[in-house]
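Here the structure is laid out as structure tokens; the discussion comes afterwards.
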Amino acid sequence: MLSTLLRFVLALLLCTLPLTSQVPIDLSQAKEFKVVWKKPIGGRVFPIMYVPSVCSIEGFDVLCGSALERGRFTWKTRPKIDTNSLGGDLGIIPHLLDYDGVAPLEYVNHRGHILQCSGQDSYPFPFTPLDTVAGCSVNPEYSMDIDLDGHLDVVCDVGGGGYAARVVMGGPGAGKGCQRVFHIGRPPTTRHVRTLDAFFPSVRGGGLWHLLQWDKDTNAFYDVLTLWEVTIGRENGILTVRYEKVDSLIGHTTTVEGQSFGSSLGIADSASMRDWLLCYHLVPSQGNIAAVERFDLTDGRFVSTGEVVTGYTFITYFIENLGLSLGTSKHALALPSDYGYLFCYADNLAEPFARWITYQTGLQPVAGMVAINDQTGDGQPDLIVTGGGNNGMVALYTLDPAVGVFEDSLAGERLPCATLTGTELTVQLGLPVVIHAELVTTDGRSFPLLVPTPGQVGRNRYDLMSALESFPAGAYLVRVSMGAESTTLKVMR
């Protein structure tokens, strides 16, 4: 019988990652993203999301985001981005859901609120709270009809809570509240699972998904990426999930932490009709530098495309999957490296079509990026980036060749922000401006709460209790103006 050590050596010789055909990055065709403007937000800023045609209202395209000091904010983006917040009713991470089978579609946000579109004339957003899945599902990630019943679902919490994902089910028969949340478990395994690396639908369709788990072999000698095919469907009206283990990828154990793999990204590339896996791993022959390799998973196997892309120190997390949102004809993504972000096509990692140098941008570390509608007039989508750590910043970037050099006229400026805790209004100012506030009823009437008052640089506090006592119990909006900036807050009486 072979010894355990001999079995280990043979496994490495037969199954280790292919390390030939190393491909250096070629930047000769890469255009450079140029900054159009930057806005300091104050405090840590989080990833931002672009939501076009809210409630199917043509041209009502918004950016939704959040910052520690400013709170949640929602900005219009047509004809240009307007950084006067409309309020936070939509939430930070909204995704479309077909709740009742009746148009228009509903939204699920990061707080688990299900919002129904209630009419184009509602202020500031055309929403009515319909249901909630708070406490049983958070962090919506993408919308799709996972069980092929004709109703759009929302996939949430991929890899969280010990599950492959949680799903807020669409359709009029899915029930209320947490009854709508279906848990997709992880497949059974005898190995020590480190993490779930990817869970995404296959271009082959038919309810087929790819699931990748990063674990250790039985004797904990080496890392393994295990590929499962997961089939989701319905039998006699009951949602079913089936798992089939189809392939494994064995790595090396040569890092200080004893780990071979960084993060992985699964892509269902509808442009090429292939399922790609982008996998970070180490190249021992090159001093354990990190490389990115692309595998074809379409047929249920790890088929290397022969690319082991090197030449930069890749940061092994936070790959941005941009799809076709940048107006490209191929599926695009952004790879972070020590050079900055390299924008590549999913089927060609070695020849980026664009790049963005992060050094001295004020956006390090990057929190997130998203493509939005055309802001510069060249007919192509532009890019919004958030980041900056505790000195939060939002910036607009473009590949438009007609855009000149940006002059940072906002250097040192701190945007005003307002919060309402109970009946106390707090306004943070970077410049001395006039502050006033008014209460807005659900039918659009407005009443003064705070007369125009000179504000001082720093924190300004106002107790609105006496002004609010004259209004009957109910839900209201408080519109706060701070010089040229304004924001809308919710208050309950």
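Given R0 = 22 Å, the distance between the Cβ atoms of Ser329 and Ser56 translates into a calculated FRET efficiency of 0.25. Exceedance of the 23 Å cut-off in Cα-Cα distance is limited, within the set Lys38/Lys80; Lys38/Lys490; Lys39/Lys490, to Lys38/Lys490; Lys39/Lys490. Kindly flag which residue pairs out of Lys31/Lys330; Lys245/Lys330; Lys76/Lys330 have an alpha-carbon separation exceeding 21 Å in this structure. Exceeds cut-off: Lys245/Lys330; Lys76/Lys330.
If you plug the beta carbon distance of Met465 and Thr240 into 1/(1 + (r/R0)^6) with R0 = 60 Å, you get a FRET efficiency near 0.60. Distance between the 7 Å Cα→Cβ label points at Asn84 and Tyr359: 4.1 nm.
If you plug the beta carbon distance of Val434 and Asn321 into 1/(1 + (r/R0)^6) with R0 = 41 Å, you get a FRET efficiency near 0.40.
In terms of its alpha-carbon gyration tensor, the stretch 60-198 comes out oblate; a/c meets the 1.5 threshold, while b/c is at least as large as a/b.
Grab the Cα-Cα distance for Glu32 and Ala475, subtract it from 0.36 nm times how many residues apart they are, and report the gain in nm with one decimal.
Full extension of this stretch gives 154.7 nm more.
Could you tell me what a quarter of the Cα convex hull surface of the stretch 342-486 works out to, in nm² with one decimal place?
About 12.9 nm², averaged over all directions.
Peptides 455-465, 178-188, 39-49 ranked from most to least packed by the mean count of surrounding Cβ atoms within 10 Å: 39-49, 178-188, 455-465.
Laboratory data are not the source of any read-out in this text; all were calculated from the coordinates shown. Quantities reported herein were computed from a predicted structural model and do not represent experimental measurements. Glycine gets a Cβ as well: all are built from the backbone with ideal geometry, and neighbour counts include every protein chain shown.
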